[in-house]
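The values are calculated or read from the model by the stated rules, or taken from the named source; none is laboratory data. Since this is a predicted model, take the numbers as computed values, not measurements. Please note: Cβ atoms are built from the backbone with ideal geometry, for glycine as well, and neighbour counts cover all protein chains shown. The accessibility values were calculated without ligands, DNA or RNA, using every heavy atom of the protein model including side chains. Shrake-Rupley method; radii C 1.70, N 1.55, O 1.52, S 1.80 Å.
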Amino acid sequence: MLFNAYASGGTTRTVVNQANALCADHDVEIASIYRHRDKPRFAIDPRVRMVPLTELRPNGTHRTDPEDSWRPLMRLTRRFPNPMPHRLDHRFPRWHPQVDLPLLRYFRSARDGILVTTRPGTNLLAARFAPRRVVRVVQDHVNLASYEPELREAIARAYRRFDAVVTLTEEDRAAYLEALKGSGTRVECIPNGVPPSRLPPAKLDAKVLIAAGRLTCQKGFDLLLDAFQTVAAKHPDWQLWIFGGGECRDALAEQIERLGLTGRAHLKGTTFQLDKKLAAASIYVLSSRFEGMPMVLLEAMAAGLPPVALDCPTGPAEVITHGRSGLLVPPGDVAALAAAICELIEDPAKRRAMGAAALKEVERFSIESVARRWERLFDELSRERYR
């Protein structure tokens, strides 16, 4: 189950990859709470059923209505705080029965099989309302430590009702084992899986740094721009491409102008051909303040790009071997980030060696091997349930 399977974020892309990999041998459907467009952004195997639970945009308006229009019932109900347990998730702060009721009906209609929910709000609802006749699995796409204390407390109480909690990293698995100690809930680590690249590896001769993700505070593109100011002073012939859209676009555009980076740092907007953009660059930069396991980092390494990453919680350190398949720098350290980028710019041989090592290292995250791990988990949980 996804918040919005018709969107273009990393969680959506990850779940679509998993569904496509499993549907050849299993009956798979993706339930989407919201639907803001006619067709999904990502290519979905026709054997995967798409089940939109509402025809609403995430802001609560109907997708066929003008963006700023509100029907009377929506306007009335969303004036009140959400009384349901998922109110602690920032995506569900207001009460919206036109969302909650279809969601609860979907949970209660499940007769058998395995239900996987993918964000705290839907996880908290599933813990209370999904029937015990189905195997219930949480998949956390961020990390436990990044949530507010009140939400972490609710998670520690509610997730004990699940058959399994699946994290993207071993670090986050350890955090959940501690939070759910004594519950009997199984906690496993299964990382994101990356499909094989359709293009040959990047040549690494373009004077381009690339980054991608939602333009939000989490992704730290403000830190990246501060670091790139230092890089651009030393290497004025290099450019920075940032792909993605989001709430911080105007602030980042102002920062580019203020730092004197106009014409060298570019906000490229959302792309649905990221593989081609990665192939046209030479270094990938991850500047996030926190992550789960960044899908775009895996995709960049699969394209043969050497990564430079802030060693934020969680993910980068479990993907990159520092000094071999990329460079890790302390979280939030702008000066160290700039120095690491300059190191790869100034040493083409090291850049190519790390790019080749990144391509090799990312093989362990292939979607085929990740899908097999999911199959083993589902089989074991089903067998345990029937026993």
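Couplings 3J(HN,Hα) for the stretch 356-364, derived from phi with the Karplus relation 6.51 cos²θ - 1.76 cosθ + 1.60 (θ = phi - 60°), are 5, 5, 5, 4, 6, 5, 6, 4, 6 Hz, where x marks Gly and Pro. Over the chain, DSSP H runs of length four or greater, each weighted -39,500 (n - 2.57), average out per residue to a 222 nm ellipticity of -11500 deg cm²/dmol. Relative contact order for the stretch 86-236: what is it in percent, counting Cα pairs under 8 Å that are at least 6 residues apart? It comes to 16 percent, rounded to a whole number.
Taking the C-alpha atoms only, the angle from helix 120-129 to the longest principal axis of the chain is near 20 degrees. Fully extending the segment from Arg385 to Ala233 would add 48.6 nm, taking 0.36 nm per residue of separation and subtracting the current Cα-Cα distance. Where Lys and Arg each count +1 and Asp and Glu each count -1, what net charge lies around Ser287 among other residues with Cβ under 9 Å from its Cβ? My count for the surroundings of Ser287 gives +1. Peptide packing: for 234-247, 301-314, 256-269, 137-150, the average count of neighbouring Cβ atoms within 10 Å per residue gives the ranking 301-314, 137-150, 234-247, 256-269, highest mean first. In straight-distance terms, cross-link reach from Lys268 covers every one of the aspartates and glutamates whose alpha-carbon lies under 14 Å from its own, apart from those fewer than eight places away in the same chain; here that gives Asp250.
Model label points for Val51 and Asp347, set 7 angstrom from Cα along the Cα-to-Cβ axis, are 5.3 nm apart.
Among Arg351, Arg249, Arg136, the largest mean-square fluctuation in a Gaussian network model of the chain (Cα springs under 10 Å) belongs to Arg249.
Relative contact order of the chain: what whole-number percent is it, with Cα pairs under 8 angstrom and at least 6 residues apart?
Relative contact order for the chain comes out at 13 percent.
When the solvent-accessible area of the stretch 180-225 is split by element, carbon and sulfur atoms take up 56 percent of it, the probe being 1.4 Å.
For the stretch 229-335, with all protein chains in place and a probe radius of 1.4 Å, 51% of the accessible heavy-atom surface sits on carbon or sulfur. Taking the accessible area of the stretch 1-140, probe 1.4 Å, and keeping the other protein chains in place, the carbon and sulfur fraction comes to 52%. Going down the list Lys39/Lys277; Lys203/Lys360; Lys234/Lys360; Lys39/Lys276; Lys207/Lys277, which pairs span over 20 Å between their C-alpha atoms? Those over the limit are Lys39/Lys277; Lys234/Lys360; Lys39/Lys276. For the stretch 97-123, the residues whose amide N sits under 18 Å from a probe point set 7 Å from the Cα of Ser183 along the beta carbon direction are 115-123. When the trypsin sites (Lys or Arg not before Pro) in the stretch 144-184 are filtered for DSSP coil states and for at most 13 other beta-carbon atoms within 10 Å of their beta-carbon, the remaining sites are Lys181. Computed from the Cβ-Cβ distance with R0 of 25 Å, the FRET efficiency linking Lys39 to Arg373 stands at 0.25.
The DSSP beta bridges internal to the chain are antiparallel in roughly 5% of cases. Check which residues have an amide H placed less than 5 Å from Thr314's amide H, if you skip close sequence neighbours. When sequence neighbours closer than 5 places are left aside, the close amide H contacts are Glu291, Gly292.
Ordering 317-323, 36-42 by mean Cβ neighbour count within 10 Å, with the highest value first, yields 317-323, 36-42. In whole angstrom, note down how far apart the Cα centers of the stretch 230-286 and the stretch 341-362 are. One Cα centre to the other: 20 Å.
For Phe80 and Glu150, a Förster radius of 22 Å and the Cβ-Cβ distance give a FRET efficiency of 0.70, rounded to the nearest 0.05. Remark: spin-label model distance Ala253-Arg108 equals 4.7 nm, labels positioned 7 Å along the Cα→Cβ axis. Here the extension length gained between His322 and Thr262 equals 18.4 nm, from 0.36 nm per residue of separation less the Cα-Cα distance.
Taking every protein chain into account, the 1.4 Å probe leaves Asp205 with about 100 Å² of accessible area, to the nearest ten.
Based on protein heavy atoms only, the chain ends up with 45 Å² per residue of surface accessible to a 1.4 Å probe.
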